[in-house]
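Computed from the coordinates by the stated procedures, all read-outs in this text should not be read as laboratory data. Computed from a prediction, not measured in an experiment: that's the story for all the values here. Ideal geometry is used to build each Cβ from the backbone, glycine not excepted, and the neighbour counts take in all protein chains shown.
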Amino acid sequence: MASDRNNLNIQRLIDDHLDAVYRYAYRLTGSVHDAEDLTQQVFLLAQQWLDQLREVDRARGWLFTILRNAFLKMVKQTQPDLATSVGVNLEAVPAEEENGQAVDTAELQAAIDELPAEFRVVVTMFYFEECSYREIAEKLDLPIGTVMSRLARAKGHLRAKLIETEPVRKKPSPTR
């Protein structure tokens, strides 16, 4: 009977959180196929560790933690270690979007996909999980300065990719 109870609970978790977990997985991976695989892996792991979930109202955060860890493990297995810098000149990036145009979601995902995994995790936790710097630092076991630095670099990269700035035009020189 305990098995039936666990299956019922995992079914409830799937019913309540499948869409949110998939959306987050898609933001991290940028691929429908990888997001589907990662989502499936999250719920398989959740079923194995269901007894660790003490408070049902914290299930979403618990699932997101499983998702982040699975994603980071997947990245380590499939890619060589990446440089920690994306090489963006932050001085040249405008602070705010000046043209007021909405960002296309496909362009946003493409820009997120270009980020190194450690930057992608931080930016998705900040914007999609709405975690504070301190919460991100605690969940990833990083110094808060590292979180702030990674988030600033990720934001700079995203701004540079998503906000079209008009090139500075030289005034024609007067002819004599």
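What the table below lists for this structure:
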| quantity | calculated |
| --- | --- |
| Whole-Hz couplings from phi, Karplus 6.51/-1.76/1.60, listed for the range 137-148; x for Gly and Pro | 4, 5, 5, 9, 6, 10, x, 4, x, 5, 4, 4 |
| J(HN,Hα) series, the range 51-67, from Karplus relation 6.51 cos²θ - 1.76 cosθ + 1.60, nearest Hz, glycine and proline x | 5, 7, 7, 8, 10, 4, 6, 9, 5, 4, x, 4, 5, 5, 5, 4, 4 |
| Net charge contributed by nearby residues that have their C-beta within less than 12 Å of Ile136 (K/R +1, D/E -1) | -2 |
| The range 2-78: equivalent-ellipsoid semi-axes (sqrt of 5 x gyration tensor eigenvalues, Cα, Å) | 22, 12, 11 |
| Point-to-point label distance, Glu130-Asp15, nm (Cα→Cβ direction, 7 Å offset) | 2.5 nm |
